Amino acid sequence: MRTTVLLLALVSLLAACGGEGSGGSGADGSSVDTVETTTTERAQEAIPLVAEALGADVVRASRQWQSCMAISWRHEAFATLSAPAGDASSQLDDVRAALTGAGYQDATQVDDHVTVTRDETTVDVQPTPARGEGTWTVTVRSECADYDGDDLERVENDEGGRLDGV
């Protein structure tokens, strides 16, 4: 009985993470180029908004295709910001206000994070004191989707790179 329940849970998880599309398109039918462009544009918009809300400088920003549990792919942009020390709770409120003011929907579910969404893109912001006081990380990611053919080869072999325009 327990094995059956575990198998059903695993199948449900794999189906949820696998996305809805295949044949070289993402979960919403988008091509690799479209997903990459949309994620990059959202990052180029969101990261400066977060930096401004925190009074921060962008230290490093990059982008790369990432595996979703080794069965599908998503495009992600990452940024590390250096901000003046302050009350993290108030700073998170400022970040939330900046992003929702720009049209993102608040989807925060975890303390000490701000998570917002727009269409198929999620932005997550959190303080990362383990990297030094005033250090924050911003992650912008697409939904997970299946790809095949040339698109699969492209996402599997992506070496990532610098994210310009932030």
Residues 47, 71 arranged by fewest to most Cβ contacts within 10 Å
71, 47
Hey, can you rank 137-144, 80-87 by average C-beta count inside 10 Å, highest first?
137-144, 80-87
The Cα radius of gyration of region 86-143, divided by 2.2 N^0.38 Å with N its residue count, comes to 1.10
Taking a ≥ b ≥ c as the square roots of the Cα gyration tensor eigenvalues, with a/c under 1.5 meaning rounded and otherwise prolate when a/b beats b/c or oblate if not, region 40-166 comes out prolate
Using alpha-carbon coordinates alone, the radius of gyration and Dmax of region 124-166 in Å work out to 15.2, 45
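No lab work stands behind these numbers, since they all come straight from the coordinates. Keep in mind the model is a prediction, meaning the values are calculated, not measured. Virtual Cβ from ideal backbone geometry, glycine too; neighbours counted across all protein chains shown.
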